[in-house]
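Worksheet: the structure to be examined is printed underneath.
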Amino acid sequence: IPLTTFFGLLVAIWLIVNECISILENLIKLEVPMPNFLKSLVSRLKIVVEGQGDKVVEGIKEQE
């Protein structure tokens, strides 16, 4: 996969994960009943995506 495609996909996934977290936080504020594992699952996914983004940035800096 070309670097630009990978980076674009990574950003898209990061935005989707952030929106999911925001929706879940709003549902919690509205006191809508839901399983607690959903928010922790989305938060973990966000951490993984951000970690991959950090690796890409470090790789680009090393090539310079």
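The values are calculated or read from the model by the stated rules, or taken from the named source; none is laboratory data. Quick caveat: nothing in here was measured; it's all calculated off a predicted structure. Positions of Cβ are generated from backbone atoms using ideal geometry, with glycine treated the same way; all protein chains shown enter the neighbour counts. The protein model used for the area step is the full one, side chains on, heavy atoms only, and it has no ligands, DNA or RNA in it. Shrake-Rupley method; radii C 1.70, N 1.55, O 1.52, S 1.80 Å.
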Query - Some residue of the range 3-12 being without any contact (Cβ under 8 Å) to a residue 12 or more places away in the chain, more than 14 Å from the chain's Cα centre (by Cα) and loosely packed, with under 13 Cβ neighbours inside 10 Å - result: yes
Query raised in the report: If ILE28 satisfies every condition in (1) of a type in the set (A, V, I, L, M, F, W, C); (2) modelled with pLDDT of 80 or more; (3) open to solvent by less than 90 Å² (accessible area, probe 1.4 Å) but one, which is the exception?
Result: (2)
Report summary line: ILE1 vs (1) assigned to a helix (DSSP H, G or I); (2) at pLDDT below 80: all pass except (1)
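Among residues belonging to the range 23-64 that are part of a helix (DSSP H, G or I) and of a type in the set (S, T, N, Q), point out the one that is farthest from THR5 (Cα to Cα). Explain how you work it out, then say what you get.
First, the residues of the range 23-64 that are part of a helix (DSSP H, G or I): 23-29, 37-63.
Checking which are of a type in the set (S, T, N, Q) leaves us with 26, 40, 43, 52, 63.
Working: ASN26: 32, SER40: 28, SER43: 24, GLN52: 14, GLN63: 18 Å.
So, considering only residues that are part of a helix (DSSP H, G or I) and of a type in the set (S, T, N, Q), the one farthest from THR5 (Cα to Cα) is ASN26.
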